[in-house]
1. Hey, G113 hits all of (1) under 20 Å from S154 (Cβ atoms); (2) open to solvent by 10 Å² or more (accessible area, probe 1.4 Å); (3) touching an Asp or Glu at 6+ places or on another chain (Cβ under 8 Å); (4) in a strand (DSSP E or B) but one; which does it fall short on?
2. Mind listing whichever residues of region 77-98 are farther than 17 Å from D22 by Cβ and out of contact with any helix residue (DSSP H, G or I) (no Cβ under 7 Å at 6 or more places or on another chain)?
3. Of everything in region 117-151, what is of a type outside the set (V, I, T), in a helix (DSSP H, G or I) and either open to solvent by 30 Å² or more (accessible area, probe 1.4 Å) or free of Cβ contacts under 8 Å to residues at least 60 places away in the same chain (or both)? Give them in sequence order.
4. In the set E75, E95, E155, which member is in contact with a Leu (Cβ under 7 Å, 6 or more places away or on another chain), on the phi < 0 side of the Ramachandran plot and among the charged types (D, E, K, R)?
5. Among the residues of region 54-71 satisfying the criterion of being among the aliphatic types (A, V, I, L, M) and farther than 22 Å from L244 by Cα, which is surrounded by the most Cβ atoms within 10 Å (Cβ to Cβ)?
6. Residue check: is I103 open to solvent by less than 40 Å² (accessible area, probe 1.4 Å) and over 15 Å from the mean Cα position of the chain (by Cα)?
7. Being among the basic types (K, R) and in a strand (DSSP E or B) narrows it down to one residue among K10, K35; which is it?
Amino acid sequence: MSIHLKGLKKGMLGEVTLIVGDPNRVKLISESWVKCEKVVDTREFIVVIGEWHNHKVSICSTGIGIGSTEIAVTELIENGSKMIIRCGGCGAWAEGIEPGDIILNTSMARSTGIMSAYVSENYPASADPLLLTKIYQKMKNENMNVHVGIGLTSETYYNGQGRGPAITDSLPINQGYMDYWVNRGIKNCEMETAALYILGNIYNVPVANSLVVHISRKKDKWTDEEKYKKLHRKAAEIVLSGALNLKG
């Protein structure tokens, strides 16, 4: 039995495992599945296994950030995960990407030091290209506004993403930080995908992501919360359909 995903055993996971940050999103996405069983519910980690279109599938929440994502992904792989796709949210940094759009990241730049216990700084954090292509094709077939490119995984939410907290005498923010990355082709920023991509490549498990844009940072424009939830559910269904090669 795994140290953190208590109750999960080898052979339990489905053909595809989705990972989400928010534990509440597990129910949101899995409520359309049948024969659902919650096998893990501890700290930020919830794992549900069920059936979707006659395929066994699974979903796991990771919480926010690299540390808990490294734990979840490692223990999913430890228990025989065949394919892992992060269905999460992100902030769009590049122009031309609107709140509610979908971003599929081919690879991730990352804050200095992220996953350095595993690999050197010049090791690429990249998606499985065949898996990402299948998801992209399904997204286009469903007329989703989808963008593909390189993202950034940040170790922090505030200073590491050019945000200033509402704290008197807080540390100064590098106002050019976002432009530095955008000028180098970065489309979006989030806090988990690099860990998934590196671990997937190390352990030879196909990995990808599908991120709903929550905010356009340039415009400071947010997605409506109810619309955001509905988009997560729809995007997850498209991801499963693409990963499982379902027709229609």
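1. Evaluating G113 over (1) under 20 Å from S154 (Cβ atoms); (2) open to solvent by 10 Å² or more (accessible area, probe 1.4 Å); (3) touching an Asp or Glu at 6+ places or on another chain (Cβ under 8 Å); (4) in a strand (DSSP E or B) leaves (4) as the failure.
2. Scanning region 77-98 gives E78, N79, G80, S81, K82, A92, E95, G96, I97, E98.
3. We begin by selecting, within region 117-151, every residue of a type outside the set (V, I, T); these are 117-118, 120-132, 134, 136-145, 147, 149, 151.
Filter once more, keeping what is in a helix (DSSP H, G or I): 129-132, 134, 136-141.
P129, L130, K134, Y136, Q137, K140, N141, listed by residue number.
4. E75
5. Our first condition is that a residue be among the aliphatic types (A, V, I, L, M); within region 54-71, this holds for 57, 59, 64, 66, 71.
Next cut, farther than 22 Å from L244 by Cα only: 64, 66, 71.
Numbers: I64: 15, I66: 23, I71: 20.
Looking at residues that are among the aliphatic types (A, V, I, L, M) and farther than 22 Å from L244 by Cα, I get I66.
6. On the way: open to solvent by less than 40 Å² (accessible area, probe 1.4 Å): yes; over 15 Å from the mean Cα position of the chain (by Cα): no.
No, not satisfied.
7. Values: K10 fails: in a strand (DSSP E or B).
Exactly one residue qualifies, and that residue is K35.
The values are calculated or read from the model by the stated rules, or taken from the named source; none is laboratory data. These numbers were taken from a predicted model, which means no experiment stands behind them. Every residue, glycine among them, receives a Cβ derived from its backbone with ideal geometry; neighbour counts consider all protein chains shown. Just the protein is used for accessible areas: all its heavy atoms, side chains included, with ligands, DNA and RNA removed. Shrake-Rupley method; radii C 1.70, N 1.55, O 1.52, S 1.80 Å.
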